[in-house]
Every structure is written in C-alpha cells, then in structure tokens.
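Shown next, in structure tokens, is the structure this report addresses.
Laboratory data are not the source of any read-out in this text; all were calculated from the coordinates shown. Keep in mind it's a predicted model, so treat the numbers as computed, not measured. Positions of Cβ are generated from backbone atoms using ideal geometry, with glycine treated the same way; all protein chains shown enter the neighbour counts.
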Amino acid sequence: MANANRIAASGPQAFGNFLIASGIANTAAASNVAGVLPILSGGLTNGGAVANSGAVIIRRVTFCNPSGNISNANVSVLTSSDGNSSNAVVSNFKLTTLNATNKWQDGNIAATYTTTEVTGDQTSALWVVVASAGATTGNVQVNVYGDVIVP
C-alpha cells in the first residue's frame, strides 16, 4: 500500500529545479502581457530590499503544450510588464520547434540571470512578451524552474 508521507520521509530537505512559476501565454498578438507567471503563486516575500526579500534562481524556462503550430511566434520573458528588454530573463527568440501539440522548447536564460537572483523586492511575477514581428494565433504553456532562496 502506498504511504502518503513517502516523499517527506525519505526525500531531501529541498528539491532542486522546483517549478517556481507557470502560466499560459497567448501568442495571437503583440503584447507586453501575453502571459503572467506569478512566482510561487504570488508568494515571493517582498521585504523592501534585496537583503530581506525572498528570491529565486532561474535555471530553466520551458515552452510546451502549444495549441497548434506557433513556430513563428517571437517571445521573451521579463521581470517587468513594460516590455523593457533590459529586464529579460529570456531574451526574444522564435519558438521554432513548437509546430505541433506534443513539442517543447527551452528558452536561453539571459546572461544577467545566469548569476543573479530574481528577488521579491524586484517583482512577484514574470511576464511573457510576444513581439510584433512574431504574433501567431495560439497559446503556449510556460514553465519556469529553479531554486527558491529564503530570506
């Protein structure tokens, strides 16, 4: 018989590459807010400064489960909803492999976030941006994986 406490009883104290944010992005039109990805379901602590706020280390951003062929869509993931590309966690790129419902593609983490945490005083969500050059009718699931840093 299965033990409901099996993971807690024999697992590590913390799991790496935890799903820290997830959401659906609409690739149908250029938008700074094509999808909103609340970090830890909006639970990232904002202490008012980096030193006393929660944080996450972003390790991977996966685009998956497209509603159809969205391989011409150009997307990015930002820490702000203003479309400012200097806030890119994943810089603008084309979802070239997402031409069927069983396809997936990882975005490249921007250089800044390969060594810098996303902190609660900075944002509590990530935003998926669709560039005007690549709007393609459809939807895509966006999953952000990483490590949680407790203040």
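Could you name every one of the strands (runs of 3 or more DSSP E) located completely within the stretch 40-140 that has at least 2 residues being closer than 16 Å to Ala29 by Cβ?
On the way: elements: 55-64, 74-78, 88-94, 104-107, 125-130.
Result: 74-78, 125-130.
Within the stretch 39-78, which residues are touching a Leu at 6+ places or on another chain (Cβ under 8 Å) and over 13 Å from Leu95 (Cβ atoms)?
The answer is Ile39, Ser53, Gly54, Ala55, Val56, Leu78.
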